[in-house]
Amino acid sequence: MIRIIIILLFLITTSIAKGQASIEMLSISVHEGDISSKDTLENLEWESLQGFDTMDSTIPVYWLKIRHKEFTNDSIKSGVLLLSNLFDHVESYNSPHSDSVIAITGKIVEYQERSIVRGINKNALPLNFNDTETLYIKLTCIRTEALLKRSLTDLEYISQKDFDEYFIRTHTFFVLFTGMEILIFLIFLFLIYIKPTKDNIYYAFMVIVSLSEIIIRNKVFDSIWGLSGPFLAKIEFCLVILMLYSFSAFIAHYLEIQKYSKFWYRIMAWPYILLGIPVYLYSDYPFLSDLNNFYFLMTIIGASVCLIKFRKQNPHRANVFLIAISPIVLNGILIIMAWKKIIPHNFWTLNSLFLTLLFRDVIFMTDLVWGFFQDKSLIAIKEIEVNQLQEEKKQLKKIEELKTTFFNNVSHELRTPLTLLLGPLESVLNKGKLNKETEQELKMSMKNGKYLLQLVNEILDLSKLDHGQLSIIKKKQDVIPILKGIIESFKKYAAENKQTIYITHSSAQIFIDTDRDMFEKMMINLVSNAIKYSKSTGEIHITVKEHKESVSITVIDSGIGIAPSDIEAIFKRYYQVDGKESVSGTGIGLAIVKEFIELHEGSVTVQSTIGKGSSFELNFPVISDSNQLDKHIIPYAVNHTESIDVNKSSILLVEDNLDMRQYLERHLTEYNLYQAANGHEALSLLKSIQKPDLIITDYMMPVMDGVEFIKKLKSDEDFLMIPLIFLTARTLQNDKIEVLHMGVDDYIIKPFDMTELKLRIDISLKNSLNQKKSMLSTIDKFSLSEMAQFKKELDTYIITNISNTKLSNIDLAYHFSISERSLIRKIKSATGQTPAAYIREIRLQSAKRKIEYNERASISEIAHELGMSNLPHFTQAFKKRFGKLPSEYFRKDD
């Protein structure tokens, strides 16, 4: 805005000055010394006669009378008077004798044809003092007296020799300058190709525009183009505007002004475009020269202001800018001094601007090129660092994987012995008939064994959280019975400390969307801490409330309390509160509570008073449609006495640990138990025994693990209907999800409760028996018409998709919208074959028909068309079904 105001003031001032020029003309006179060149200053006498042309009194003219005193050098007797382009006519007269006058009349190029007006002289008038002492020169300017006034101050006389040398030096310098600028432009093009940044683009644009402007100014192509002076003047003005615009844009990006001030970023460039257009359209072309100079001055001032304002933000580039621009500013001062005749106006003052521009371009180019290679080296260093970091990351990941594997293996090794420790202890305690002392010791062992199991579980949970291996599977749960079950398990523990646990809830049923396993662990940690930190004979209250957008569960104890400074830290891993009354622990439980509740998108808050107790509140987000229990949830509290009479159902137990097999054998005496040490032994055993009613398998086993065993089992249709239970020490959620996707009915983690295991076995056997009854019932109700309709639809679907090599039970089940097991039962009822066998039969029958009809196709083409891409397998199946090879059918038909 400031720069726009300054430019407007400049335009107004120039207009006023232009209107007053004729008044100032009246006082013009040329004194001795106005025209000077080396030693001619003291050897020439000048007289001026002001007047008007006799032919047209309105046209101002100026007469110069030149006499020489004494030339010290004969070579300057023949010289050149340099005249401004602003003159229209010039006439020269000499008088070698008093009685004769020789006239030399010349006409300077007309206004319409004149080259670009600059502040320097462009036309030369030859003068010869060999035969005369006095020369008369008539100067005419038909346009304005103001231009004549300015032109008189630009007169200069030099010798012919100096003029020739000046001409040669100027053109040689111009060629060198042009070549250097082209080289710099090519370097910037290379930089743009490699690194197309805005500062490189703007500077390359400025260099090529500057070069174009200088070429036009020096009339390199005037004779070729044949363009008029005013038109070229306006072209030069546009190029100057573009040059200054690109320079300002370059400075804005070079100093990164946009990061610090959008105002200064905009004002650095746009005024040139906005003001350049009206000036271009309405200004007379001699005026454009002054305007170019003014724009150039304003660019330097604007750039300098930005330099001062933003130097601290980018000191290196600010210093480079200062070094590059300072010579241009100093050169401007020197040129003004030369115009004012303070210093000689010679070749160097006329061409110093080219030198400073070249110096500026070299400085900026050097810095940008240096910056490019520096950036390249930094990128190379960063790439090395990134590669090192990636390698370190890989190593750390490998270490973490090894650590995770170690934890998993340790958990497996710990859980199995813990099962064998806690199981027999539980059995002995349940039998009773123990003296008081033995019973107390066994209870202590049982208590510490469960505590050890809890620690193992917590450490593994933290490990899984760190590695992102702990996924959350939320289901709609009624929290009231879960909480009551947890309270029941802690009653004995609380009774030992003479403590009482109470639960209050706002409704008989309160549902939340939660992962049951995580929910139980959170509540067990909070209740355990409440008992641990409460005083003897204290009370623990659990409150469950429904709110509009959440469900809150609060555990309140009457314990020692927590200091305000410790409240934020208690949820950090391994943090323990210092103090005499604090109870020892691992510092893991509350960290797990916080991370688990965050996985539920909930929150935990604490309120505590030293000496009075603490309250921990868990907030779970409310769920919609919470009136009904999830249909997929199996009731947890099933009465074992209601289990069906299985009459010695058979179970195949696949377990590599001998002690575990013997332990289960002792406790599962109501079943016929077959045993195998790994999956390979189990597959061999299944071939020699009657098909079992249930299979229980471990996960990690030698030779063939549980997953591979299940895959083999599921590939045989004879064993698809057998219910499967995984009994393993692996706690990873991904492992559990993997085997459940494979069709496993239940997943039980070691150590386990024997009562729970028996309950789950009974539920699985009961579900399997119900499915068998449902199948028999379906077959009984399946009428002949319905069976025929089903078989027709089945045949149509198989024939339509017969070319699909991957056509499977799943595709058929999806098509008929039934489960895979129901599909198998239905196809067996309708065809007497398994789905795979029936699909194979249809394919073989279709192949036989195609061969019999002698279709023009090879055997391999027929097999591929019918979805049997394995030719040897097709040939073998065909021969087994029809007793002949397909090729024999061809020969027979021939």
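The values are calculated or read from the model by the stated rules, or taken from the named source; none is laboratory data. Worth saying up front: this structure is predicted, and the values here are computed from it rather than measured. Every residue, glycine among them, receives a Cβ derived from its backbone with ideal geometry; neighbour counts consider all protein chains shown.
List of remarks:
- Ile201 vs. criteria over 36 Å from the mean Cα position of the chain (by Cα), at pLDDT 70 or above and under 25 Å from Thr366 (Cα atoms): no
Table: residues versus (1) under 18 Å from Val604 (Cβ atoms); (2) aromatic (Phe, Trp, Tyr).
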| residue | (1), (2) |
| --- | --- |
| Lys475 | no, no |
| Ile487 | no, no |
| Tyr493 | no, yes |
| Ile501 | no, no |
| Thr514 | yes, no |
| Val527 | yes, no |
| Ile531 | no, no |
| Gly538 | no, no |
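- Of the listed requirements (1) out of contact with any Ser or Thr (no Cβ under 9 Å at 6 or more places or on another chain); (2) farther than 15 Å from Ala877 by Cβ, Leu844 misses just one: (2).
- Of the residues making up segment 787-811, those that are over 18 Å from Lys850 (Cα atoms), touching a residue at least 24 places away in the same chain (Cβ under 8 Å) and in a helix (DSSP H, G or I) are Met787, Phe790, Lys791, Leu794, Asn809.
- Hits in segment 627-659 - residues which are hydrophobic (A, V, I, L, M, F, W, C), at pLDDT 85 or above and over 19 Å from Lys766 (Cα atoms): Val654
- Residue within segment 536-550 that is in contact with a Pro (Cβ under 9 Å, 6 or more places away or on another chain) and either under 17 Å from Asp478 (Cα atoms) or of a type outside the set (Ser, Thr, Tyr) (or both) present: yes
- Single residue of segment 522-561 satisfying the filter (closer than 17 Å to Ser608 by Cβ and of a type in the set (Asp, Glu)) that is surrounded by the fewest Cβ atoms within 10 Å (Cβ to Cβ): Glu539
- Matching residues, segment 864-894, being among the small types (Gly, Ala, Ser) and at pLDDT 80 or above: Gly867, Ala877
- Taken together, the residues in segment 481-508 that are aliphatic (A, V, I, L, M) and within 16 Å of Glu617 (Cα to Cα) amount to 2.
- Segment 595-622, residues that are exposed (fewer than 15 other Cβ atoms within 10 Å of the Cβ) and touching a Phe, Trp or Tyr at 6+ places or on another chain (Cβ under 8 Å): Thr605
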